[in-house]
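Got a structure here, written out as structure tokens. Questions coming.
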Amino acid sequence: IAAKEAIQDSAFENLWVIPADLSARNVDLALGEMKQSKKKLKTVLGGLKQFDLVILDCPPGISLVHDNIFNAADRVLMPNIPTTLSIRSFETVMHYFKENELDSSVIKCFFSMVDHRKNLHHEVMQEFYKDKLFFKNYIPYLSDVEKMGTYQQPIFEFANSSYAAQCYRDLWNEVKKTCL
């Protein structure tokens, strides 16, 4: 299916989606069989010029799918939990960009699942804020954030005046100011 044919309306004005399904698990295999497979996604996205912004949401990892995303994206927004393991993942991606001569300046990071009760979270955040690699705004670890999955709605629909919703607004404003 061509990308244009897979686009579906959403419940929100000016928001369309291409929903994932189980066939997405075979994308790496399909890409591996194609010529210039690291640039296929960029070609597909080139056919979506009617959109001002295209957001690709993918799981963490480094694979042929990620190669495609890294080659196609103007920006890579990478969430990180302020823990040692998550920061190692960030460092792995940065190393991958360097090894493959990709422009690491496209990577912008933010902290997610921040738990203010944990000293480690505060220490890690302060360490990475110094280098200005991470946005100042973050997403807290709060039940309202988890409820988005339960309600299958953005937080603005069921808890618009909550602290968590304000954190999402603040992060989005920082992303827009820096990346768009």
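Hey, can you tell me all the residues within the range 96-116 that are touching a Phe, Trp or Tyr at 6+ places or on another chain (Cβ under 9 Å), outside any helix (DSSP H, G or I) and either of a type in the set (Val, Ile, Thr) or more than 24 Å from Val175 (Cβ to Cβ) (or both)?
Within the range 96-116, Asn100, Ile107, Val114 qualify.
Another one. Return the residue satisfying two criteria in turn: it lies in the range 133-147 and is among the aliphatic types (A, V, I, L, M) and at pLDDT 95 or above, and of such residues it is least open to solvent (accessible area, probe 1.4 Å).
Step by step, filter the range 133-147, then rank; the result is Ile139.
Spot the failing condition for Gln166; the list is (1) within 19 Å of Met94 (Cα to Cα); (2) without any contact (Cβ under 8 Å) to a residue 12 or more places away in the chain; (3) not in a loop (DSSP other than H, G, I, E, B), and only one is missed.
Only one criterion is unmet by Gln166, namely (1).
I've got another one for you. Only one of Met113, Met94 is surrounded by 13 or more Cβ atoms within 10 Å (Cβ to Cβ) and at positive phi. Can you tell me which?
Being surrounded by 13 or more Cβ atoms within 10 Å (Cβ to Cβ) and at positive phi holds for just one of Met113, Met94, which is Met113.
Yes or no, residue by residue, for (1) open to solvent by 40 Å² or more (accessible area, probe 1.4 Å); (2) within 23 Å of Ile69 (Cα to Cα); (3) acidic (Asp, Glu); (4) touching a strand residue (DSSP E or B) at 6+ places or on another chain (Cβ under 6 Å):
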position: Val106; (1), (2), (3), (4): no, yes, no, yes
position: Glu123; (1), (2), (3), (4): yes, no, yes, no
position: Asp131; (1), (2), (3), (4): yes, no, yes, no
position: Gln153; (1), (2), (3), (4): yes, no, no, no
position: Phe156; (1), (2), (3), (4): yes, no, no, no
position: Lys176; (1), (2), (3), (4): yes, yes, no, no
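Considering only the range 60-67, I want to know if a residue exists there that is surrounded by 11 or more Cβ atoms within 10 Å (Cβ to Cβ), within 18 Å of Tyr168 (Cα to Cα) and touching a Phe, Trp or Tyr at 6+ places or on another chain (Cβ under 7 Å).
The answer is no, given that none of the residues of the range 60-67 is surrounded by 11 or more Cβ atoms within 10 Å (Cβ to Cβ), within 18 Å of Tyr168 (Cα to Cα) and touching a Phe, Trp or Tyr at 6+ places or on another chain (Cβ under 7 Å).
The values are calculated or read from the model by the stated rules, or taken from the named source; none is laboratory data. Quick caveat, the model's predicted, so the values are computed rather than measured. Counting neighbours? That spans all protein chains shown, and the Cβs are built from the backbone with ideal geometry, glycine included. Each accessible area value is taken on the protein alone, full model and side chains, heavy atoms only, with ligands, DNA and RNA left out. Shrake-Rupley method; radii C 1.70, N 1.55, O 1.52, S 1.80 Å.
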